[in-house]
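Contents: one structure, followed by commentary.
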There are 2 protein chains.
Amino acid sequence: MDLSLLGAAAAASALAEGRISSEELVAACLARVEADEERVRAWAFIDPEHALRQARFADSRRREGKALGPLHGLPVGVKDIIDTADMPTENGTVLHAGRAPSADAALVSMLRAAGAIIMGKTVTTELATYSPGKTRNPHNPEHTPGGSSSGSAAAVAARMVPLAIGTQTNGSVIRPAAYCGVVGYKPSFGLISRHWVLKQSRPLDQIGVIARSVEDAALLAEQLIGFDQNDPDTRALSRPLLRETAMREAPVPPTLAFVKTPMWKLADAQCQEAFAGLAARLGERVEEVKLPAVFKDAWKWHQTIMEADLARNYEPEYRRGRDQLSEALRGQIERGRRVRALEYNNALDRIPALNGTLNQLFERGYDAILTPATAGTAPRGLASTG
Amino acid sequence: MDLSLLGAAAAASALAEGRISSEELVAACLARVEADEERVRAWAFIDPEHALRQARFADSRRREGKALGPLHGLPVGVKDIIDTADMPTENGTVLHAGRAPSADAALVSMLRAAGAIIMGKTVTTELATYSPGKTRNPHNPEHTPGGSSSGSAAAVAARMVPLAIGTQTNGSVIRPAAYCGVVGYKPSFGLISRHWVLKQSRPLDQIGVIARSVEDAALLAEQLIGFDQNDPDTRALSRPLLRETAMREAPVPPTLAFVKTPMWKLADAQCQEAFAGLAARLGERVEEVKLPAVFKDAWKWHQTIMEADLARNYEPEYRRGRDQLSEALRGQIERGRRVRALEYNNALDRIPALNGTLNQLFERGYDAILTPATAGTAPRGLASTG
């Protein structure tokens, strides 16, 4: 069997039962990289020998009865804005070419502590904003994979890894996962530490996971959720057993709130029809719920915060090498530099009310929200991430 | 004996031992109000009968063996930007005339829980900024009492209360306390809840206490320090026993860092000479310490944050009645409206480094910093708070 076909949970079981070794699993994934990377271009950095060394070490630990945790021996792709001590982290800009962090991001330490193999660094858009990297959609290389976690989504979809880490400030986990036909899960704000991850906007930046099933996504996410004193927005929660919840305790059937956001009208006809059809097919498990009018301007407040924070956090890059930034990012930064503190703070002040409204949906008995992640399938062309 | 002469700690002992009643103590303080309020004008609201009722109730509780806490029966003045459910809170502006909050601020609840008598509401400057209220310096009514906690400092200095609560965003506890010749103590950021206290600037607003001795200030402060889920900047500390520390565990003699801040040159000759003389008299207990150059611009960053936050938090007042705001405050708000998010956030980003530098002073073995609270004694004139 081609082990690259295994999902993460299935591979974890096979590893635990000694039916496969981590080296075999990693080798199978590397064979997919070898076969398809020229076409997909998901990796900013990958060193097959380094991945295999980690896998052999994991196998030797397991033989000694010292398996580290639920991810023991599983290869994971890590977006190239997340620092790694043993691989470069170039943040998708020539301004950071050759950048070699001296320490792992907190989440990378957690991955290693859970036994994961850090397979390599996946392609990000420029500084995790909109200008595309080299990655293509594995289902059709003339189409965008989406961004900014382009490489993570494409690598998982192309079976080069069963799991990958992404980040999002404006849909950058959900969008590429949808375009590449895999599962993107972005936990609630404050659940996964961003320590030593490129900072774009403190109130908006979030870590997410990408996998090929909900169970696999939960397996990865539950290893990463926790308080970190180095990320002041993380919360001290008892770690929820996401995978168990997803697999065993979830309400069956769940009740879904079908939400047409203020962006619904931007979805193409095929997308609108598909969602309406899905909602109809699910029948009484689904109710259409209207968001209050306050959500109409949420995208503007989001943009105000994001651009002002871009201007602040990327000021060193802007000062040092604005001619090496894309025109699009330069424009965002320049708009961000003009944002007034009053607009910025008023936008921040909206966040609690918006979150409160969504919390009410769940308190009213809905288990999840059903809404399109994108306006449609991955658009043709590589000049934009959609 | 005139009980208004008693400090808070001495009065607390006398109350605990049954040598005096709260009613006698409050009556003595009210006699001082009666005698001197026309001259000092410390109170925005005071109802003698309401204060005496609280005192009689405290006395009855004590007779039943149910004294509430360390402040049982002690009268406390509360600055009129701190909400009280049983008295108006007018925030020093005609725009809030007759404002009657429906609940106590968290710190007022804590005062009541510790047994304190809420004596009345002390005069604040306009919305706790720079435009003076009606209060005069009790040592010479032609001189300012300082602001913005003008009434709290003057009432304590005039023996109308042994204790009062103030707030500061820019020296507004320390300055009036110094001008009125009493003790002002502003604990570290995040130690006292600001829930239902007028918000001027979240990163700068802080609660402080005013008393006639360090021991009395510590007695009051230690009742107020603690985590409050309604003030996200408060910290979950075990409550330090400030008074015991001040009275028993403090190093004797303490080692002091004599700091000439970048504002030292603005101090008048008398003040500079007094401090130099004090440092010389204390001899080897005092070492002059230079602050790093980064402090030179700290006042500018402070002003950027404060004015931008004024514009944000007083936007309703500005929209509704800017013609009823003082010209000075209007000017501050209008400057604040022009602050860019980039400047604001860059100023906020300076705070950790500045605090870190001060923490280093204490780690280097200094027990406290010796530095002037003001440029000199309270200036003549009532048009400015100095």
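The values are calculated or read from the model by the stated rules, or taken from the named source; none is laboratory data. None of the values given here were measured: they were computed from a predicted structure. Backbone-built Cβ (ideal geometry, glycine too); neighbour counts: all protein chains shown. Keep in mind that these areas ignore ligands, DNA and RNA; they rest on the heavy atoms of the full protein, side chains included. Shrake-Rupley method; radii C 1.70, N 1.55, O 1.52, S 1.80 Å.
State all residues of the range B:332-345 that are within 12 Å of chain A (Cβ to nearest Cβ) and in a helix (DSSP H, G or I); if no residue qualifies, say none.
Listed by number, the residues that qualify are B:I333, B:E334, B:R335, B:G336, B:R337, B:R338, B:A341, B:L342, B:E343, B:Y344, B:N345.
Of B:T89, B:T167, B:T135, B:T124, which residue is over 18 Å from B:G184 (Cβ atoms) and of a type in the set (V, I, T)?
B:T89
So which residues in the range A:218-231 are of a type outside the set (A, V, I, L, M, F, W, C) and open to solvent by less than 10 Å² (accessible area, probe 1.4 Å)?
A:D231 - this is the single residue of the range A:218-231 that is of a type outside the set (A, V, I, L, M, F, W, C) and open to solvent by less than 10 Å² (accessible area, probe 1.4 Å).
Assess whether B:S188 counts as being open to solvent by less than 10 Å² (accessible area, probe 1.4 Å) and not in a helix (DSSP H, G or I).
no
Exactly one of (1) modelled with pLDDT under 95; (2) away from every other protein chain (no Cβ under 14 Å) is unmet by A:R235. Its number?
So A:R235 meets the others, but not (2).
Among the candidates B:V161, B:V209, single out the residue that is touching a helix residue (DSSP H, G or I) at 6+ places or on another chain (Cβ under 6 Å), closer than 17 Å to B:A8 by Cα and in a loop (DSSP other than H, G, I, E, B).
The match here is B:V161.
Could you tell me which numbered condition B:P145 fails, if it satisfies all but one of (1) open to solvent by 10 Å² or more (accessible area, probe 1.4 Å); (2) farther than 18 Å from B:L224 by Cα; (3) touching a helix residue (DSSP H, G or I) at 6+ places or on another chain (Cβ under 9 Å)?
Answer for B:P145: the failing condition is (1).
Here is a yes/no grid of residues against (1) more than 24 Å from the chain's Cα centre (by Cα); (2) at pLDDT 95 or above:
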| position | (1), (2) |
| --- | --- |
| B:R19 | yes, yes |
| B:V26 | no, yes |
| B:A67 | yes, no |
| B:H72 | no, yes |
| B:D80 | no, yes |
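Would you tally the residues in the range B:164-174 being without any contact (Cβ under 8 Å) to a residue 60 or more places away in the chain, among the aliphatic types (A, V, I, L, M) and part of a strand (DSSP E or B)?
Residues that pass the stated criteria total 0.
Select from the range A:193-217 the residues that are open to solvent by 10 Å² or more (accessible area, probe 1.4 Å) and within 21 Å of A:A368 (Cβ to Cβ) and list them in ascending order.
Hits for the range A:193-217 are A:Q206, A:R212, A:S213, A:V214, A:E215.
From the list A:L348, A:L329, which one is within 12 Å of chain B (Cβ to nearest Cβ), modelled with pLDDT of 95 or more and either open to solvent by less than 50 Å² (accessible area, probe 1.4 Å) or part of a helix (DSSP H, G or I) (or both)?
A:L348 is the lone residue from the list that is within 12 Å of chain B (Cβ to nearest Cβ), modelled with pLDDT of 95 or more and either open to solvent by less than 50 Å² (accessible area, probe 1.4 Å) or part of a helix (DSSP H, G or I) (or both).
From the list B:A116, B:A85, B:A105, which one is touching a strand residue (DSSP E or B) at 6+ places or on another chain (Cβ under 6 Å) and within 13 Å of B:V197 (Cα to Cα)?
Going through B:A116, B:A85, B:A105 in turn, just one is touching a strand residue (DSSP E or B) at 6+ places or on another chain (Cβ under 6 Å) and within 13 Å of B:V197 (Cα to Cα): B:A105.
Please determine, by comparing only the residues of the range A:24-66 that are small (G, A, S) and assigned to a helix (DSSP H, G or I), which one is farthest from A:S152 (Cα to Cα).
A:S60
Report yes if some residue within the range B:265-280 is assigned to a loop (DSSP other than H, G, I, E, B), of a type in the set (G, A, S), more than 19 Å from B:L198 (Cβ to Cβ) and in contact with a helix residue (DSSP H, G or I) (Cβ under 8 Å, 6 or more places away or on another chain); otherwise report no.
yes
Considering only the range A:297-326, state which residues are farther than 19 Å from B:A347 by Cβ, open to solvent by less than 70 Å² (accessible area, probe 1.4 Å) and either assigned to a helix (DSSP H, G or I) or within 13 Å of chain B (Cβ to nearest Cβ) (or both).
Residues satisfying the conditions are A:D297, A:A298, A:W301, A:H302, A:M306, A:E317, A:G321.
Which pairs have Cβ atoms under 7 Å, sit 6 or more apart or on different chains, and link a residue in the range A:343-367 that is more than 13 Å from A:D297 (Cβ to Cβ) to one that is charged (D, E, K, R) and surrounded by 12 or more Cβ atoms within 10 Å (Cβ to Cβ)?
A:N345/B:R312
Looking at (1) within 29 Å of A:E288 (Cβ to Cβ); (2) exposed (fewer than 15 other Cβ atoms within 10 Å of the Cβ); (3) among the charged types (D, E, K, R); (4) modelled with pLDDT under 95, which one does A:E244 not meet, given that it meets all the others?
A:E244 satisfies all of (1) within 29 Å of A:E288 (Cβ to Cβ); (2) exposed (fewer than 15 other Cβ atoms within 10 Å of the Cβ); (3) among the charged types (D, E, K, R); (4) modelled with pLDDT under 95 except (1).
Looking only at the range A:107-132, filter to residues that are among the small types (G, A, S) and crowded, with 22+ Cβ neighbours inside 10 Å; which one of those is farthest from A:M160 (Cα to Cα)?
Filtering first and then ranking leaves A:A128.
To keep it simple, each residue is scored yes or no on (1) within 18 Å of B:T135 (Cα to Cα); (2) touching a strand residue (DSSP E or B) at 6+ places or on another chain (Cβ under 7 Å); (3) of a type in the set (G, A, S).
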residue: B:I20; (1), (2), (3): no, no, no
residue: B:L30; (1), (2), (3): yes, no, no
residue: B:R41; (1), (2), (3): yes, no, no
residue: B:A55; (1), (2), (3): no, yes, yes
residue: B:R61; (1), (2), (3): no, no, no
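Provide a single number: the residues in the range A:337-373 that are small (G, A, S) and closer than 29 Å to A:G146 by Cα.
Qualifying residue count, the range A:337-373: 3.
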